[in-house]
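**Q** Here's a structure for you.
The values are calculated or read from the model by the stated rules, or taken from the named source; none is laboratory data. Every value quoted in this text rests on a predicted model; they were computed, and no experiment measured them. Here the Cβ positions follow ideal geometry from the backbone for every residue, glycine too, while neighbour counts run over all protein chains shown. Note: areas computed on protein heavy atoms with side chains; ligands, DNA, RNA excluded. Shrake-Rupley method; radii C 1.70, N 1.55, O 1.52, S 1.80 Å.
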Amino acid sequence: MNEALPPSQVSAQRPAGLRPLDDALAEMLVAVNPLADIQSLPLAEADGAVLAQDLIAGLDVPGFDNSQMDGYAVRSGEALAGRVLPVAMRIPAGQFCGPLPLGAAARIFTGAALPQGADAVLMQEDCTALDGERVQINANAKPGQWIRRRAEDIACGRAVLKAGALLGPAQIGLAASIGYATLPVREPLRVALLSTGDELVTPGSIAPAQLQPGAIFNSNRYFLAALLRRWGAQVIDLGLVADTRKATLAAMQQAANAAHLILTTGGVSVGEEDHVKPAVQALGELNLWQISMKPGKPFAFGHVRKSAGSAHFVGLPGNPVSSFVTALLLVRPLVRALRGLPQEALTYIEATASQDGPKADKRREFLRARLEAGPNGKLGLRFFPNQNSSVLTSMDWADVLVDNPSQTQIAAGDAVRCLRISQLMA
Ligand code: AMP
Ligand code: MG
C-alpha cells in the first residue's frame, strides 16, 4: 500500500482540481506569522513602517489650559459688554504668568497658558484696546470660551497608537506631539526577487533593435519590485536565474538566506524548462500550486529551508499580466500579514458592462477594464480588447479588474463587480 503523502505534497501533485483563489489565500495567510524582530527608527525615517508596541503618552496634551485666540483672558463674570478693564499682564505663547488680578484682563496670544483665575478668553475682534493699559469689552464673555483645556486631546497614560498601526504622516506627527524621537517598529520585510527565463534580457543592456530573435526584455522584475516597495517591503533583487536545475537551486538557497520571502517569476509551470517548483520541493516544501484563476493559474506557495528556519516562497507565473494580477491579489495580502498589518476587505465597485465580455472561462477571471460614464448616471465599463495574459498594455490601460465568476458570460447591460487597480497597488 502506498504511504499517505502529507496534504501539501498531495496538493502539489494534483493536476486537476485547481485551488479556488479564496481558499488558496486563506491557506497562505494561516501559514505566515508577522515578523517578530523589533527595531528603533528615528521619526524622520518612520514613514511607512509598522509600529511594534503600543505608544503610551507620558504627558497630557495640551499640557495646560491655554488660549485658542489672540485676545484677552478674563473672569467671565467681570467681562461684560461696555466695561473697561485694566490690562494687568501680557502673556505671549511660551510664557507662564502668575494669577490674574481681580477685575483685570490679561493680553494673551494663541497657545499661551491661561493665567490662574481666568475662565474665558475674549478674541481681540470683540475688544477695543484703549491705550495699551486698558481694554474696552464689546461682547459678554461666556465661561470657558476660547479655552483649550488641559488633556482635552490626549490624557497622560493613554495608548495613542496601537501596536500594528501603519505609520504615516498623522501618526508620526502624533508621536512627536507626545515627545517620542524614535519609534519601535517591526523589522522591514525583506523580499528576494528572482526572474527566471533564458529569454530574458535586462533593459539597458542592449538596444531594442539589437535584441536577438526569441529574446525579450524582463518586465516583471521591474513592476514587481515597484509593487513590493509600495507595499513597504525591502527588495533584494537577485536578478536573472538561468533555466537550469543547478542555477535555480543555488539562487533559491541564496534567496532563502537573504530574505523572509522569496518571490520568483516564471519557471513555475509544467514544462521541462520550469525548474522553480522542483527546486522548492528539493529545498523545502511546496504547499500550494495552481489556482483556479485567469490569469494566474501557475501560482505556487511554499517554503525553502535555511540554516535557521525557512523563508516563505511565492512563485508567480511568467506571463506579465498573470504575474501582475497574482501579485495584486495574493502577494499583497501576504506582505501585509508578514508585516503585521491587518487584512482589509477589498472594496468592490459595481458597474454596468457597456459591451459584451470575452468568452466565459472555467476559471474565475480578472478582466482588465476601464470605467466610464454609463446610462442613468451609473458607471459603465469597457473591456480591454485583448485579454491575453502576455499583454502588458492592458494593465496600463485598465483602471479596474472585473471579478468575473467561472463560466460566466458577460453581456452588455450586465452588472459586474470590479476592483480598482489603484487600491490594490496601495
Ligand atoms: P514561463 O512561466 O517561464 O513559462 O513564462 C511564461 C511566459 O512569460 C513566457 O512567454 C515568458 O517569456 C514570459 N516571461 C517570463 N518571465 C518574464 C519576465 N520576467 N518578463 C517578461 N516576460 C516574462
Ligand atoms: Mg520560463
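**Q** Solvent-accessible area per residue for the chain at a 1.4 Å probe radius, Å²?
**A** 47
**Q** Then there's this: Taking the Cα centroid of the stretch 256-292 and of the stretch 19-81, what is the distance between the two, rounded to the nearest whole Å?
**A** Cα centroid of the stretch 256-292 versus Cα centroid of the stretch 19-81: 40 Å apart.
**Q** Oh, and also: Quick check: with the 1.4 Å probe, what order do S269, S422, S322 take by accessible area, largest first?
**A** S422, S269, S322
**Q** Can you run the Rg to Rh ratio on the stretch 39-80? Use alpha carbon positions and the Kirkwood inverse-distance Rh.
**A** Answer for the stretch 39-80: 1.31.
**Q** Can you give the charge dipole size of the chain about its Cα centre, rounded to the nearest 20 debye, using +1 on the beta carbon of Lys and Arg and -1 on the beta carbon of Asp and Glu?
**A** 300
**Q** Would you tell me the accessible area of V84, worked out with a 1.4 angstrom probe on the heavy atoms of the protein chains, in Å² to the nearest 10?
**A** 70
**Q** Continuing with this model, one more query. Please report Rg (one decimal) and Dmax (integer) in Å for the Cα set of the stretch 66-148.
**A** Every Cα atom of the stretch 66-148 included, Rg and Dmax give 10.7, 31 Å.
**Q** Give the Rg/Rh ratio for the chain, taking Rg as the radius of gyration of the Cα atoms and Rh as the Kirkwood radius, to two decimals.
**A** 1.19
**Q** Can you compute the helix-only [θ] at 222 nm over the chain? Use -39500 (n - 2.57) per DSSP H run of at least 4 residues, normalise by all residues, nearest 500 deg cm²/dmol.
**A** -5500 deg cm²/dmol
**Q** Something else now. Among 286-295, 376-385, how do they line up by average Cβ neighbours within 10 Å per residue, starting with the highest?
**A** The packing order, highest mean first, is 286-295, 376-385.
**Q** For a quick check of understanding: with a 1.4 angstrom probe and all protein chains in place, what accessible area in square angstrom does V201 have, to the nearest ten?
**A** About 30 Å², rounded to the nearest 10.
**Q** Taking the mean number of other Cβ atoms within 10 Å as a proxy for protection, how do you rank 23-30, 185-192, 225-232 from highest to lowest?
**A** My ranking of the peptides, most packed first, is 185-192, 225-232, 23-30.
**Q** Treating the angle as unsigned and between 0 and 90°, give the value, to the nearest 10°, between the Cα long axis of helix 21-31 and the longest Cα principal axis of the chain.
**A** Taking the Cα atoms of the chain, the angle to 21-31 is about 70 degrees.
**Q** Enter the mean projected area of the convex hull around the alpha-carbon atoms of the stretch 46-188, in nm², rounded to one decimal.
**A** 9.4
**Q** Give me the percent of accessible area attributable to carbon and sulfur for the chain, probe 1.4 angstrom.
**A** In the chain, the share of accessible area belonging to carbon and sulfur is 53 percent.
**Q** Using 1/(1 + (r/R0)^6) with R0 = 25 angstrom and r between the beta carbons of A129 and Q95, what's the FRET efficiency to the nearest 0.05?
**A** Computed FRET efficiency for A129 and Q95 comes out at 0.80.
**Q** Between the stretch 297-365 and the stretch 389-426, how many Å separate their Cα centres?
**A** Going from one Cα centre to the other spans 14 Å.
**Q** Taking a quarter of the surface of the Cα convex hull of the stretch 348-425, what do you get in nm²?
**A** Mean projected area for the stretch 348-425: 4.8 nm², to one decimal.
**Q** With a 1.4 Å probe and every protein chain left in place, tell me how much accessible area V235 has, in Å² to the nearest 10.
**A** 30
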